[in-house]
Amino acid sequence: MAGNTGGPWGGGGNRGSGGGRDDDRGNGGRKPDNNGPNIPEIDDLVNKGREQLRVLMGGGGDGQRRTGGGGGGEGPKLTRGTVGLGIIGAIALWLFASFYTVRPEERSVELFLGDFLEVGEPGLNFAPWPVVTREVLAVTTERNIDIGTSRSGMDAGLMLTGDENIVDIDFQVVWNINNPEEYLFNLANPPATIEAVAESAMREIISQSELAPILNRDRGAIADRLRDLIQTTLDSYDSGVSIIRVNFDKADPPEPVIASFRAVQDAEQERDRVQNVADAYANQVVAEARGEAAQILEQAEAYRARVVNEAEGEASRFVAVLDEYTQAPEVTRKRLYLETMESVLGGVDIILLDEGNGNGQGVVPYLPLNELRRNTAGGTN
């Protein structure tokens with residue numbers, strides 16, 4: 001046993017080119033079996049992997065490698081490579097946060113430290129974050145606000161008319177954004193503001209109108225007037241809101257009195273019908289009376305003209321006779337006498353009697369030929 005100085009493996013006390021003894025290796029090393037081949041030690045492989053990782057992370061070389069029984073070495077150190085990668089990553093994140101896209105139906109409002117800077121147009125925009133932030137708004141999108149009892153479930157649609165009637169109105173306001181800056185900075189709650197303005201404007205219009213036109217023929221005119229009034233009020237607020245249209249959906253009496261209201265409407269329609277019939281009869285009678293009056297007036301005018309013409313003719317004839325009488329009085333007097341007797345005796349039946357003698361035989365019988373002719377003419381007819 002004393003001559004066996006080569007150890008249990010018979011190869012001497014030294015292994016490998018390093019000249020190190022097996023006993024000098026780390027505590028974690030293993031010796032092979034007496035009869036087996038040499039195998040790499042696991043601790044050596046693990047330590048080499050750790051060393052390569054430490055070098056990659058900027059640590060020390062072989063001189064700083066931990067031994068099996070020693071304490072821990074220094075941690076990973078920052079190198080130029082890792083710092084550059086960090087800077088590149090930060091720049092990439094900053095660019096990602098600063099560039100943004102605005103779609104065609106949108107506009108952006110850029111804020112520099114909370115104050116308005118500019119309005120971004122559609123396309124790719126740049127806002128250096130965090131100094132400049134942005135708000136992207138859909139400006140062409142139509143937004144709806146419903147007001148009324150059946151739409152909102154509240155009594156906002158009950159309004160008082162000018163003739164002291166109550167009407168239940170449902171309408172819809174359609175709007176969009178026309179100025180993003182004013183929209184963001186001048187209104188704290190744009191939908192609530194638009195709803196309040198629309199309800200107030202409708203109440204103002206209804207209070208100046210009567211119930212019947214609202215229910216029948218004036219809905220279109222009321223909708224147009226309402227749109228103009230809402231837009232004017234919002235423009236005075238610099239709201240940045242554009243009212244596109246107002247949809248006047250319903251105008252009815254309140255539900256509890258709708259049956260009575262319909263009865264009143266039927267009675268009013270019957271009244272209007274009877275009144276129309278009476279107006280037609282009155283128009284007919286008045287037209288006939290006016291026609292008769294015109295006819296009588298024309299007859300009177302004709303009679304007046306005839307009498308005047310006859311009088312003028314008689315006067316002219318008298319003047320002509322007077323002229324003749326002035327020139328030949330006797331002849332004219334005799335002619336006038338004969339003409340007068342002719343006109344007087346022309347239509348008189350005359351009986352001629354001879355002067356009677358003393359015995360009363362002066363009446364001579366005669367045959368009444370004229371009477372016979374009249375009787376004959378009457379019998380023929």
Starting from the range 264-280, keep only residues that are part of a helix (DSSP H, G or I), then list their pairs with residues that are hydrophobic (A, V, I, L, M, F, W, C) whose Cβ atoms are within a distance under 9 Å, requiring at least 6 positions of separation or different chains.
265/212; 265/215; 268/212
Give the residues of the range 228-246 that are surrounded by fewer than 19 Cβ atoms within 10 Å (Cβ to Cβ) and under 19 Å from residue 148 (Cβ atoms), sorted by residue number.
244, 245
Looking at (1) without any contact (Cβ under 8 Å) to a residue 24 or more places away in the chain; (2) more than 30 Å from residue 121 (Cα to Cα), can you tell me which one residue 236 breaks?
(2)
Could you list, in sequence order, all residues of the range 237-263 that are among the basic types (Lys, Arg) and either in contact with a helix residue (DSSP H, G or I) (Cβ under 6 Å, 6 or more places away or on another chain) or assigned to a helix (DSSP H, G or I) (or both)?
262
Could you list, ordered by first residue, the pairs with Cβ atoms under 9 Å in which the first is in the range 293-314 and free of Cβ contacts under 8 Å to residues at least 24 places away in the same chain and the second is acidic (Asp, Glu), at least 6 apart or interchain?
none
Looking only at the range 177-187, decide whether some residue is under 19 Å from the mean Cα position of the chain (by Cα), closer than 19 Å to residue 236 by Cα and not in a helix (DSSP H, G or I).
yes
Sort through 249, 272, 228, 224 and tell me the only one that's more than 17 Å from residue 171 (Cβ to Cβ) and out of contact with any His (no Cβ under 7 Å at 6 or more places or on another chain).
272
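Conditions (1) aromatic (Phe, Trp, Tyr); (2) at pLDDT 80 or above; (3) part of a loop (DSSP other than H, G, I, E, B), marked per residue:
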| residue | (1), (2), (3) |
| --- | --- |
| 92 | no, yes, no |
| 101 | no, no, no |
| 104 | no, no, yes |
| 109 | no, no, no |
| 119 | no, no, no |
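The values are calculated or read from the model by the stated rules, or taken from the named source; none is laboratory data. Just so it is clear, the structure is predicted and the values come from calculations on it, not from any experiment. Cβ coordinates were reconstructed from backbone atoms using ideal geometry, including for glycine residues, and neighbour counts include every protein chain displayed.
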